[in-house]
Amino acid sequence: MIQPLPWDSKFFGLHIGRLELTGGLQLNNFKKEIAKFDLVYIFSSEPLNLKGTEMGYHGSRLELEINPPFSTCDLLMPSDEKVGELVAPGFEEKEDLFPLARESGYCSRFLGDPVLKLNFQKFYDRWMQLILDRKDKIWVCRENGNLIGMVTLQINDGEGKLGLMAVQKMARRKGVGKALMLGLSQKANLLGLKKIRVVTQGENSAGVGFYYSMGFKKVLCQYVYHWHNPTLKKKEG
C-alpha cells in the first residue's frame, strides 16, 4: 500500500506518496495504485531495475547508530572555545543557521531530483525552522565570530537523532566536524542517551566516512527511487 504524504504534497505542490518494497513485494503489484500519484518515493531493500524519464532520482539511504559510552577522548579541536551549545539563540544567531542548513543538504535526494530541487533551499529552511521550533539541541562552531559549522540533535525517549550537520567548505578537514561531535557526545553521555541515530545518503561518501570514523555502525541500507508519473501534469509549486 502506498502511504500518502500530506506534508510533502502540500509543500511541493504534488500528490506524493511513499512505498516500501520489502518481503518480496514487487513494483508491478502497485501499478494501478501508483498511477494515482504525481510522485512516489520508493524505498526498497534490494536494488530495482528502474529506468526511464519518470525516474527523477535514485540512490541509497543509510541509517547509522552509535551506542554509549560515546567516546570523546579522540575528538580534539584546535581551540575548545570555538564550539558551544546554542541555548536560547537570538534573531541574528538563528538567521546565521539557515545558510548552513542548506549547506548540509548538498547530497540530498531532494537536490538530486530535477523537479524537487527547485524548492530545495526552501525545504531546508523549513527543516531548520522546525528544529528551532522544537528546541532541539544545537552545537555551533565559530571562527573569528563567524559561524562555520553546526550539528543538531533531537532527543526522544532517551534516544538521540542527529538532524542537520554542516561545515562550511572553506573550514572542512580542519577538525570542525570532530569538535562538533565532541560537544554532542559529551551532552549525550551526560543525559545517559541509549543511542544516537543518523540517516544520510549513501552517495555522501565524505559524510558516511566521517560517521564511521566517529564509531557509528550501519544498521539499515535502502535503495531509494523517485518515481514521477509521466501521464499526469505536474502542478506548480
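Restricted to region 184-219, and to residues that are under 15 Å from the mean Cα position of the chain (by Cα) and aliphatic (A, V, I, L, M), which residue is nearest to GLY149 (Cα to Cα)?
Residue satisfying both the conditions and the ranking: ALA206.
Answer yes or no: is there a residue in region 188-205 that is at pLDDT 95 or above, hydroxyl-bearing (Ser, Thr, Tyr), crowded, with 18+ Cβ neighbours inside 10 Å and under 30 Å from TRP227 (Cα atoms).
So far as region 188-205 goes, yes, one or more of its residues are at pLDDT 95 or above, hydroxyl-bearing (Ser, Thr, Tyr), crowded, with 18+ Cβ neighbours inside 10 Å and under 30 Å from TRP227 (Cα atoms).
Can you tell which of LEU153, LEU111 is modelled with pLDDT under 95 and either in contact with a helix residue (DSSP H, G or I) (Cβ under 7 Å, 6 or more places away or on another chain) or within 21 Å of GLN168 (Cβ to Cβ) (or both)?
After ruling out the rest, the residue left standing is LEU111.
Anything in region 140-173 that is small (Gly, Ala, Ser) and within 19 Å of the chain's Cα centre (by Cα)? List them, or say none.
If the condition is that a residue be small (Gly, Ala, Ser) and within 19 Å of the chain's Cα centre (by Cα), then GLY149, GLY160, GLY163, ALA166 are the ones that fit.
Between a residue in region 29-53 that is more than 11 Å from TRP227 (Cβ to Cβ) and any residue that is surrounded by 13 or more Cβ atoms within 10 Å (Cβ to Cβ) and at pLDDT 85 or above, which pairs come within a Cβ distance under 6 Å, given they are 6 or more apart or on different chains?
Listed by first residue and then by second, the contacts come to GLU33/ILE2; PHE43/GLU20; PHE43/GLN222; PHE43/VAL224; SER44/LEU21; SER44/TYR223; PRO47/TYR223.
Just checking, how many residues over region 143-165 are in contact (Cβ under 8 Å) with a residue 12 or more places away in the chain and either small (Gly, Ala, Ser) or under 21 Å from TYR124 (Cβ atoms) (or both)?
Qualifying residue count, region 143-165: 15.
Suppose the filter is of a type in the set (S, T, N, Q), surrounded by 13 or more Cβ atoms within 10 Å (Cβ to Cβ), touching a strand residue (DSSP E or B) at 6+ places or on another chain (Cβ under 8 Å) and touching a residue at least 40 places away in the same chain (Cβ under 8 Å); does GLN168 pass it?
yes
The values are calculated or read from the model by the stated rules, or taken from the named source; none is laboratory data. Keep in mind it's a predicted model, so treat the numbers as computed, not measured. Counting neighbours? That spans all protein chains shown, and the Cβs are built from the backbone with ideal geometry, glycine included.
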